[in-house]
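Each remark here refers to the structure printed beneath this line.
The values are calculated or read from the model by the stated rules, or taken from the named source; none is laboratory data. What you see is a predicted model, and the numbers here were worked out from it, not measured in a lab. Counting neighbours? That spans all protein chains shown, and the Cβs are built from the backbone with ideal geometry, glycine included. Just so you know, the surface numbers come from the protein's heavy atoms only, side chains and all, with ligands and any DNA or RNA stripped out. Shrake-Rupley method; radii C 1.70, N 1.55, O 1.52, S 1.80 Å.
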Amino acid sequence: MIRPTVLVLANLHDFSSDKVCLALAQAGVTYLRLNRDQLAELRLRLDPIEPRLKVEFDGQVWVVDETLQSVWFRQPTYLRNAEGRILTAAEQLYRSQWMAFIRALSVFTDARWVNDPTATFRAENKAWQLRVASLVGFDVPATLVSNDPTAPVPATIGDPVALKALDTVLLREGETQTFAFTQIVSWKSCMDEDFQKIPSTLQMALHDKLDLRVTIVGEQLWCVAIRHKERGIEGDWRLHKKSEVSYETFVLPDEIENRCFVLMRRMGLTMAGIDLALSDQHYWFIEINPTGEWGWLDSPERPIANAIVSTLSC
Amino acid sequence: MHILQRLAVTSPARDSTPMPMDARYDFAVGVWRGEGEAILALDPALEQHTKKMDVETGEDQKGQ
């Protein structure tokens, strides 16, 4: 029987959690990784009052109890409905009840959660992100969340404008799915009869910008500049082929680094990926991703997995 | 159609993310192993997989 001190809550495809598990093993930490899409293959018994979780799989037994020190939480705070088809009753049951089981693991209140799911949920609100970033002193591009085609956008935000979704747009229709990236568009192109049907985010477009990705784990910070063919990228850098995009270490001014840490503390986060943009000598806050991807940046130069393990182990 | 939807990038839908080829998941260790028990997460050639196999679904774990 194994009593893990670290619980990894992930899914089978979260390859960056493989790196965390490897680093945990190398550090001699006892841990257990539970994947949301694999839970039905396990035999689970959760006593929410004790609290105590018994896990059986393939003849082995793990018991999670008061010795649990920390939880690496790589889970959605809710599931986006992008199925594009009606789920069967059994699928609905599976989906709702296993998500509830993941939430039920919050009974391990004495453990350190990285991140705390409630902090993640709150920090995923993009409008709130902008407000808090502004409060801690970041330059934040002028922004309007609106469905009003008569809003004075050119005068207050600019034209063209960066058009963004207020929440991730991932839509499924038949055999295709669509994802909405940030687009630089003219205000005139937005002003049609459909604009009023949903709210969207209109933000001052930044030109001649350099995208910066800041990864923070505890008290450690890494920053990379994202370039396409050695130049800054107009619009959304994710629209370019990955093979043509480079990520190189970038040294932030101390003041901006400190501001990132203040933002993390203000949001109650231990780990996050922050998107900044350097334009016109200003470090603009774009957004923060409390469940941000980081495996693509992990390297000997940026030992993010090891930092996560240090945070989980201390 | 709203401009957000009109300008969204379309890709083939998939009902589930494909599992790594010729690999098995090692539950006790929490890693994928490939040929000769090699750990996939340490294979530089496969690091592209960490961005969800190049299909952007957001960074919040809700769309995978």
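Quick notes
- Whichever residue in region A:86-120 is among the β-branched types (Val, Ile, Thr) and surrounded by fewer than 14 Cβ atoms within 10 Å (Cβ to Cβ) and, among such residues, is farthest from residue A:49 (Cα to Cα): A:86
- Taking the criterion of being among the polar types (S, T, N, Q) and either open to solvent by 70 Å² or more (accessible area, probe 1.4 Å) or in contact with a helix residue (DSSP H, G or I) (Cβ under 6 Å, 6 or more places away or on another chain) (or both), the residues of region A:244-269 that qualify are A:249, A:258.
- Of the set (1) modelled with pLDDT of 95 or more; (2) assigned to a loop (DSSP other than H, G, I, E, B); (3) crowded, with 18+ Cβ neighbours inside 10 Å, all apply to residue A:168 but (1).
- Filtered residues of region B:2-32 (kept if open to solvent by less than 40 Å² (accessible area, probe 1.4 Å) and more than 8 Å from chain A (Cβ to nearest Cβ)): B:20, B:23, B:26
- Subset of region A:2-53 that is modelled with pLDDT under 95 and in a loop (DSSP other than H, G, I, E, B) - its residue that is most open to solvent (accessible area, probe 1.4 Å): A:13
- Where strands (runs of 3 or more DSSP E) fall entirely within region A:207-308, those with at least 3 residues that are over 17 Å from residue A:140 (Cβ atoms) are at A:210-217, A:220-228, A:245-249.
- Hits in region A:135-156 (condition: in a helix (DSSP H, G or I) and either in contact (Cβ under 8 Å) with a residue 40 or more places away in the chain or surrounded by 17 or more Cβ atoms within 10 Å (Cβ to Cβ) (or both)): A:135, A:153
- Count of region A:155-181 residues which are at the interface with another protein chain (Cβ under 10 Å from one of its Cβ atoms), β-branched (Val, Ile, Thr) and closer than 21 Å to residue A:127 by Cα: 2
- In region A:189-206, the qualifying residues are those that are away from chain B (no Cβ under 11 Å) and either farther than 20 Å from residue A:239 by Cα or not in a loop (DSSP other than H, G, I, E, B) (or both), and the one that is most open to solvent (accessible area, probe 1.4 Å) is A:204.
- If you go through region A:171-187 and pick out every residue that is open to solvent by 30 Å² or more (accessible area, probe 1.4 Å) and without any contact (Cβ under 8 Å) to a residue 12 or more places away in the chain, you end up with 2.
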